[in-house]
1. Stick to the Cα atoms of the chain, pair each with every other, and give me the Kirkwood hydrodynamic radius in Å at one decimal.
2. May I ask for the net charge around Leu9, where only other residues with Cβ less than 12 Å from the Cβ of Leu9 are counted and Lys, Arg are +1 while Asp, Glu are -1?
3. If the chain between Lys14 and Ser70 were fully stretched, how many nm would it gain, using 0.36 nm times the residue separation less the Cα-Cα distance?
4. Evaluate the charge dipole of the chain about its Cα centre and quote only its size in Debye, nearest 20, assuming +1 on the Cβ of each Lys and Arg and -1 on the Cβ of each Asp and Glu.
5. For the chain, with every protein chain kept in place, what is the accessible area per residue (1.4 Å probe, Å²)?
6. From Cα pairs below 8 angstrom and at least 6 apart in sequence, can you work out the relative contact order of the stretch 1-48, rounded to a whole percent?
7. Determine ³J(HN,Hα), in whole Hz, for all residues of the stretch 63-74 in sequence, where each value follows from phi through the Karplus function 6.51 cos²θ - 1.76 cosθ + 1.60 and θ = phi - 60°; x replaces Gly and Pro.
8. When the accessible area of the chain is split by element with a 1.4 Å probe, what percent falls to carbon and sulfur?
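The values are calculated or read from the model by the stated rules, or taken from the named source; none is laboratory data. For clarity, every value in this text was computed on a predicted model and none was experimentally measured. Here the Cβ positions follow ideal geometry from the backbone for every residue, glycine too, while neighbour counts run over all protein chains shown. Just the protein is used for accessible areas: all its heavy atoms, side chains included, with ligands, DNA and RNA removed. Shrake-Rupley method; radii C 1.70, N 1.55, O 1.52, S 1.80 Å.
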Amino acid sequence: MAKNVLDLLMWHPKWDIKRCRISYIHRGAHRNLKTVQGSDIERLERGFLVLSNGASIPYHRVVKIVCDNSFIWKKQKKG
């Protein structure tokens, strides 16, 4: 689950979330996806991540996490 991976990236000393990119479903954006830098994350809440601009992104909309150009996590397609 995206929340567990983001928690690890945020708090584990081995990882630096600032070197990551998080892509999520954003209706109306090109291909309905938007990507933010890990450095834009202000905090992780129970049901969503909060960006420094005040936007809240529900975890179920996160589709992939890439750090240092390597896939860390990708949402499994249902079906």
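1. 12.7
2. +2
3. 18.6 nm
4. The dipole of the chain has a size of about 440 debye.
5. For the chain, the per-residue accessible area is 71 Å².
6. In percent, rounded to a whole number, it is 28.
7. Karplus-based 3J(HN,Hα) across the stretch 63-74 equals 10, 7, 10, 10, 10, 6, 6, 10, 5, 9, 7, 9 Hz.
8. Using a 1.4 Å probe with all protein chains present, the chain comes out at 49 percent carbon and sulfur.
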